[in-house]
Amino acid sequence: MSKYHLPKGTSADGPYDLLVTPESAGWGYSGLRILTLRPGEAHTLSTGESEFLVLPLTGSCTVTTDGRTIELTGRTSVFASATDFAYLPRESEALISSAHGGTYALPSARTEQGGHSARYGRKEDVPVELRGAGACSRQVNNYCLPGTFEAEQLLVCEVLTPGGNWSSYPPHKHDEARTDEAGNPVESELEEIYYFEVSGGENGFGYQRVYGTEDRPIDVLAEVRSGETVLIPHGWHGPSIAAPGYDLYYLNVMAGPGQDRAWLICDDPAHGWVRGTWETQDVDNRLPFEGLNER
């Protein structure tokens, strides 16, 4: 199952530190590229059949597309704050340039639709959510989800977990479109990419668990470090574990065949009861990370 865990550098290609396409992942929709630019460098991105975000991980950049210029202020690190970002539609071309250099995530979703134009996403408009409680406390930056930012099929958020805490917990899945007895949607079909950064430099680490069902087996328990990626085509995923002393960041990229762009999850019934314990616990006082420097 090691094909689902991509250590840093093993999926680099051309200008990209990481290149995950639907073809390389063996699925149909979700993609992610990580681009590092040195000071003064530029890169031309052709979106083809996919819509993209330009999401700074570190540094600022300028995105020039369709006769307009979008200035992204960016951030000093993923632990310092949320960031502003740019949206690029399918069948477009953009020049990404940086005077001072930086690293940029380019999450993508293949789509047959193209009703949205290139536009700017303000940092101030990104909903920052504190989710869970106690040792399950984490921060979620909801960039491009239903109700936060319009797109065709792309779903993007960030999760920041203080050292010693668990996130993506209880384990959950979203690998089939299901409705309840009344016909209401209760689960959506979405492929997912987890891209990790960990505080503490080369020493920082965490763990990611993915497991399947009897009909659709998958078994991943990966030690993850900065620049590593885990692909989740199906199955229960979680927990994401931040080792004590090392804060854990991951970028989630999701897309699937559903045209309603819904993010509906189903908890593993064996562990869903954990949510009820949060009512009597406080949120970790190390959150939010907003405004903090990397530890």
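The values are calculated or read from the model by the stated rules, or taken from the named source; none is laboratory data. The shown structure was predicted, so the numbers you read here are calculated from the model rather than taken from an experiment. Using ideal geometry, Cβ is built from the backbone for each residue, glycine included, and neighbour counts are taken over all protein chains shown. Accessible surface is based on the protein model in full, side chains and every heavy atom, while ligands, DNA and RNA are left aside. Shrake-Rupley method; radii C 1.70, N 1.55, O 1.52, S 1.80 Å.
Residue under question is SER108, and the condition is that it be surrounded by fewer than 18 Cβ atoms within 10 Å (Cβ to Cβ) and either under 20 Å from the mean Cα position of the chain (by Cα) or over 16 Å from LEU251 (Cβ atoms) (or both); does it hold? In short, no. Count of region 237-264 residues, restricted to those that are under 26 Å from HIS174 (Cα atoms) and either in a helix (DSSP H, G or I) or open to solvent by 60 Å² or more (accessible area, probe 1.4 Å) (or both), is 3. Applying the selection to region 95-131, what residues are more than 30 Å from ARG286 (Cβ to Cβ) and either part of a strand (DSSP E or B) or among the charged types (D, E, K, R) (or both)? If the condition is that a residue be more than 30 Å from ARG286 (Cβ to Cβ) and either part of a strand (DSSP E or B) or among the charged types (D, E, K, R) (or both), then LEU95, ILE96, SER97, SER108, ALA109, ARG110, GLU112, ARG119, TYR120 are the ones that fit. Before we move on, is SER137 open to solvent by 10 Å² or more (accessible area, probe 1.4 Å) and of a type in the set (Ser, Thr, Tyr)? No: the conditions fail for SER137.
The sole residue among SER199, SER226 that is closer than 24 Å to ALA80 by Cβ, at pLDDT 95 or above and in contact with a Lys or Arg (Cβ under 6 Å, 6 or more places away or on another chain) is SER199.
Just so you know, in region 196-230 the residues that are open to solvent by 10 Å² or more (accessible area, probe 1.4 Å) and in contact with a Leu (Cβ under 8 Å, 6 or more places away or on another chain) include one that is farthest from GLY9 (Cα to Cα), and it is ARG209. Of all residues in region 141-150, those satisfying the criterion of being open to solvent by 10 Å² or more (accessible area, probe 1.4 Å) and at negative phi are ASN142, LEU145, PRO146, THR148, PHE149, GLU150. In region 29-47, the residues that are more than 16 Å from LEU88 (Cβ to Cβ) form Cβ pairs under 6 Å with partners that are open to solvent by 70 Å² or more (accessible area, probe 1.4 Å) and of a type outside the set (Asp, Glu), at six or more places apart or across chains, as follows: PRO39/HIS100. Tell me the residue from GLU51, GLU71, GLU23, GLU41 that is within 24 Å of PHE196 (Cα to Cα), surrounded by fewer than 17 Cβ atoms within 10 Å (Cβ to Cβ), at pLDDT 95 or above and of a type outside the set (A, V, I, L, M), please. Residue meeting the stated conditions: GLU23.
Go through region 92-111 and give me each residue that's touching a residue at least 60 places away in the same chain (Cβ under 8 Å) and of a type in the set (A, V, I, L, M, F, W, C). Selection gives ILE96, ALA99, ALA105, LEU106, ALA109.
Looking at ALA82, is it in contact (Cβ under 8 Å) with a residue 60 or more places away in the chain, open to solvent by less than 50 Å² (accessible area, probe 1.4 Å), under 21 Å from LEU155 (Cα atoms) and assigned to a loop (DSSP other than H, G, I, E, B)?
yes
Starting from residues that are among the basic types (Lys, Arg) and open to solvent by less than 80 Å² (accessible area, probe 1.4 Å), keep the ones in region 115-133 and report whichever is farthest from the chain's Cα centre (by Cα). So the residue we want is ARG119.
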